[in-house]
Amino acid sequence: MHPGRTTGKGPSTHTQIDQQPPRLLIVHIALPSWGDICANLCEALQNFFSLACSLMGPSRMSLFSLYMVQDQHECILPFVQVKGNFPRLQTCISELRMLQREGCFRSQGASLRLAVEDGLQQFKQYSTHVTTRAALTYTSLEITILTSQPGKEVVKQLEEGLKDTDLARVRRLQVVEVTKGILEHVDSVSPVEDPSNDESSILGTDIDLQTIDNDIVSMEIFFKAWLHNGGTDQEQIHLLFSSQCFSNTSRPRDNPMCLKCDLQERLLSPSLLPGTADGSLRMDDPKGDFITLYQMASQSSTSHYELRVIKALKSSGLCESLTYGLPFILRPTSCWQLDWDELETNQQHFHALCHSLLKREWLLLAKGEPLGPGHSQRIPASTFYVIMPSRSLTLLVKAVATRELMLPSTFPLLPEDPRDDSLKNVESMLDSLELEPTYNPLQVQSHLYSHLSNIYAKPQGRLHPHWESRAPRKTGQLQTNRARATVAPLPITPVPGRASKMPAVSKSSSDAFFLPSEWEEDPSGP
């Protein structure tokens, strides 16, 4: 496993910044806890994919595959393109809903290992097939194992089971434990973070361990992280401070401080979704400031998008009506190409900047430096941004208006004393409102998920309206209309005391991978 290097070097900015690595999700099912998790997980997956499949513009998720592990491993969904494939993903989520929720079964320790190896083998063959037809922009796989079992025990099981497995094509291996309690911490089983723990040394790499609550919102948030640009091949933003900012003679006057940052979206633009109320307004059109700041941030592998700080502002001196577009978040970079000392120094300077801005109640005004002006005599238009501190190790960036964009407006002064009768009526109305100390967007629903699901779900691909009344499918009962896996499955370890033999896989069935299925021919099919 390696720290996220990719070999794709295409000219497209969208591929570099938007497209995430292929993902394999393994749902580790244990009874009776599966009955408590099933409904929340399936609802969260359906909500997430209704969003991910609907986003216009470049695809943010490349490939996705889904496995289930009970007493044996089973491929519910071979690797498919996510964009435009919501009906097929919805059908596979329906498969999860129908799994057995009660009773018991004989658990096999090898099933989880076999699911990882089978998914990795399928990805390798898919990659080989794709490179024969088109340029491959991803060479590593991220594997997530979602379980209700104690996470540390699952990690130990994986460490022991995969010690002889080649994980060179695995970018990240993550175990996510679904808990009933309150989410309190995130663990990383890593010899780097915990020198006394040598359990991860078996694989020579890290297995991330994370816990999430057993509720729809927590699971949605976890899956939505897949839409972020998590690349660490290079830092995305250089935040430059002029040499005039420094009076310390130990710092060369011609060598300004440079904070190296990664850029992260705070919100999804409504204009990227079809049929939304704001879609026709195009205020946050990705051809506008979205490209200027977010996509240009990693447009070039040899240069960086720069924000040059030109002055400070009092926090109270900025009118909110002058900011526009979607906000973005700056974080200290986690670029793996920087040495540890530089990463540590950069983070400490970032921390000190956040602290000082909060203490002084200041904002920063910065100018975006366009990339690659070349030899053109034309002066490129600049975009200006305000940088706001927060009480976390992040900075909020918003585009701010310039003279050319301003429209004339009049703002008459507010009279001192309104009429008594009007004041009484209005105050009575305000007193009747429920007062909240903060705005929590997680408690406000716009029915967007159901709207998107209805747009893309085909009638033949929808779940039967009375699926809950149907008998759950027991393990091993495969549906006849199940999509065939695109790789020959690994042999399943027989259950002790059960004398069943798996038929040998013929060469022709293994070669079937290279013949695209009808779904691969038509990604929009169910």
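The values are calculated or read from the model by the stated rules, or taken from the named source; none is laboratory data. Note that the structure is predicted; figures quoted are calculated from it, not measured. Here the Cβ positions follow ideal geometry from the backbone for every residue, glycine too, while neighbour counts run over all protein chains shown. We work out accessible area using only protein heavy atoms, side chains counted, and drop any ligands, DNA or RNA first. Shrake-Rupley method; radii C 1.70, N 1.55, O 1.52, S 1.80 Å.
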For this session: Of the conditions (1) within 25 Å of W336 (Cβ to Cβ); (2) of a type in the set (A, V, I, L, M); (3) modelled with pLDDT of 90 or more, A135 clears all except one; give me its number.
Result: (3)
For this session: List the number of the failed condition for G4; all other conditions in (1) at pLDDT below 85; (2) open to solvent by less than 40 Å² (accessible area, probe 1.4 Å); (3) under 19 Å from Q125 (Cβ atoms) hold.
Result: (3)
Problem set entry | Number of the condition not met by L158 [criteria: (1) touching a helix residue (DSSP H, G or I) at 6+ places or on another chain (Cβ under 9 Å); (2) modelled with pLDDT under 80; (3) buried (at least 16 other Cβ atoms within 10 Å of the Cβ); (4) not acidic (D, E)] | (2)
For this session: Can you confirm whether region 315-333 contains a residue that is at pLDDT 90 or above, under 18 Å from Q236 (Cα atoms) and in a loop (DSSP other than H, G, I, E, B)?
Result: yes
Seminar exercise, completed: Within region 86-125, the count of residues that are open to solvent by less than 40 Å² (accessible area, probe 1.4 Å), in contact with a Pro (Cβ under 8 Å, 6 or more places away or on another chain), at pLDDT below 90 and not hydrophobic (A, V, I, L, M, F, W, C) comes to 1
Problem set entry | Extreme residue, modelled with the highest pLDDT, among residues of region 233-265 that are within 24 Å of P389 (Cβ to Cβ) and of a type in the set (S, T, Y) | S242
For this session: Mind listing whichever residues of region 186-232 are crowded, with 18+ Cβ neighbours inside 10 Å, modelled with pLDDT under 50 and either part of a strand (DSSP E or B) or under 15 Å from the mean Cα position of the chain (by Cα) (or both)?
Result: V189
Exercise. H351 passes all but one of (1) surrounded by 17 or more Cβ atoms within 10 Å (Cβ to Cβ); (2) at pLDDT 90 or above; which number fails?
Worked result: (1)
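Which of the following residues is more than 23 Å from N229 (Cα to Cα), touching a Pro at 6+ places or on another chain (Cβ under 8 Å) and not in a loop (DSSP other than H, G, I, E, B): L358, L364? I'd like the intermediate steps shown before the answer.
Numbers: L364 fails: touching a Pro at 6+ places or on another chain (Cβ under 8 Å).
Every option except L358 fails the conditions.
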For this session: Output the number of residues of region 29-58 satisfying the condition of being open to solvent by 30 Å² or more (accessible area, probe 1.4 Å) and either aliphatic (A, V, I, L, M) or within 20 Å of I221 (Cα to Cα) (or both).
Result: 7
Exercise. Applying the selection to region 368-390, what residues are part of a loop (DSSP other than H, G, I, E, B) and modelled with pLDDT of 90 or more?
Worked result: S390
